[in-house]
1. Are any residues in region 137-188 touching a Lys or Arg at 6+ places or on another chain (Cβ under 7 Å), in a loop (DSSP other than H, G, I, E, B) and under 18 Å from PRO38 (Cα atoms), and if so, which ones?
2. Can you tell me which residues in region 78-107 are on the phi < 0 side of the Ramachandran plot and touching a His at 6+ places or on another chain (Cβ under 7 Å)?
3. Could you please give the count of residues in region 187-210 that are modelled with pLDDT of 95 or more, farther than 13 Å from GLU150 by Cα and touching a Phe, Trp or Tyr at 6+ places or on another chain (Cβ under 6 Å)?
4. If I go through region 102-119 residue by residue, how many of them are more than 25 Å from TRP204 (Cβ to Cβ) and touching a Lys or Arg at 6+ places or on another chain (Cβ under 8 Å)?
5. Going residue by residue through region 39-56, is there one that turns out to be part of a loop (DSSP other than H, G, I, E, B), out of contact with any helix residue (DSSP H, G or I) (no Cβ under 6 Å at 6 or more places or on another chain) and closer than 15 Å to THR185 by Cα?
6. So is LEU70 out of contact with any strand residue (DSSP E or B) (no Cβ under 6 Å at 6 or more places or on another chain), in a strand (DSSP E or B) and either within 21 Å of PRO188 (Cβ to Cβ) or of a type in the set (D, E, K, R) (or both) or not?
7. Which residue out of THR157, THR128 is under 23 Å from MET1 (Cα atoms) and either surrounded by fewer than 16 Cβ atoms within 10 Å (Cβ to Cβ) or at pLDDT 95 or above (or both)?
8. Can you go through LYS109, LYS119 and tell me which one is in a helix (DSSP H, G or I), modelled with pLDDT of 95 or more and of a type in the set (Lys, Arg)?
Amino acid sequence: MAEIQIGTQTLRVNNIFCVARNYHAHAKEMGSQIAAEPMVFIKPNSAVLQPGQPIVLPSWSADVHHELELVVAIGQGGQNISPAQALDHVAAYALGLDLTARDVQAAAKKAGNPWTLAKGFDGAAVLTDFVPAAGIEPQQQSFSLQINGELRQLAHTRDMAFSVAELISWLSRYFTLQPGDLIYTGTPEGVGPLQAGDELLLAWDGVLQSTWNVQ
């Protein structure tokens with residue numbers, strides 16, 4: 001089972017919750033709208049790709065897309081957590097890529113089938129190092145993705161439809177949150193395909209940078 005390091009603390013990755021739409025511009029580019037409540041799906045923890053490992057594109061997809069996101073690591077679990085208390089349950093934050101086999105997802109949607117394969121394959125949950133949550137205001141952050149030196153995605157968390165606190169509170173009403181749960185909080189506009197040989201730079205302003213190679 002994948003583990004993440006937060007300072008001197010080690011957490012085993014448990015559930016990986018992903019928010020499908022949380023930025024209005026991204027919902028528009030995908031031809032959809034943001035609903036009254038978050039839309040959430042789950043990746044298996046075997047999908048985690050740690051820093052230093054290459055991104056290996058699956059042979060069975062010809063159209064794997066990047067989706068840059070702020071990732072939340074839960075340190076203290078609970079049920080029915082109030083928004084006012086939600087951030088107390090956060091141990092750390094990271095950047096991540098929710099990789100999506102878009103062609104496989106589109107075919108599944110057309111057939112009315114689940115699209116777990118398109119989102120949950122090995123390496124589909126890319127993670128940078130984690131930064132302890134103390135002192136970080138999650139709704140005042142900006143981060144970006146460059147591919148081969150070209151800016152592809154730029155996010156400002158103030159543009160989220162549902163804040164980090166609201167997402168934690170909402171999830172805890174339906175799922176018992178546990179230490180080691182991760183929340184991918186949604187991607188801004190600019191999602192697009194990856195190609196073998198691409199060099200990726202994930203940058204969180206004033207906090208961290210992480211580079212990745214695509215194979």
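The values are calculated or read from the model by the stated rules, or taken from the named source; none is laboratory data. Just so it is clear, the model here is predicted, and its values are computed rather than measured. A quick note on method: Cβ atoms are made from the backbone with ideal geometry, for glycine too, and the neighbour counts reach across all protein chains shown.
1. Result: GLY186, single match.
2. Across region 78-107, the qualifying residues are ILE81, LEU97, LEU99, THR100, ARG102.
3. Of the residues in region 187-210, 1 are modelled with pLDDT of 95 or more, farther than 13 Å from GLU150 by Cα and touching a Phe, Trp or Tyr at 6+ places or on another chain (Cβ under 6 Å).
4. 3
5. yes
6. yes
7. Only one candidate qualifies: THR128.
8. Criteria check complete, one pass: LYS119.
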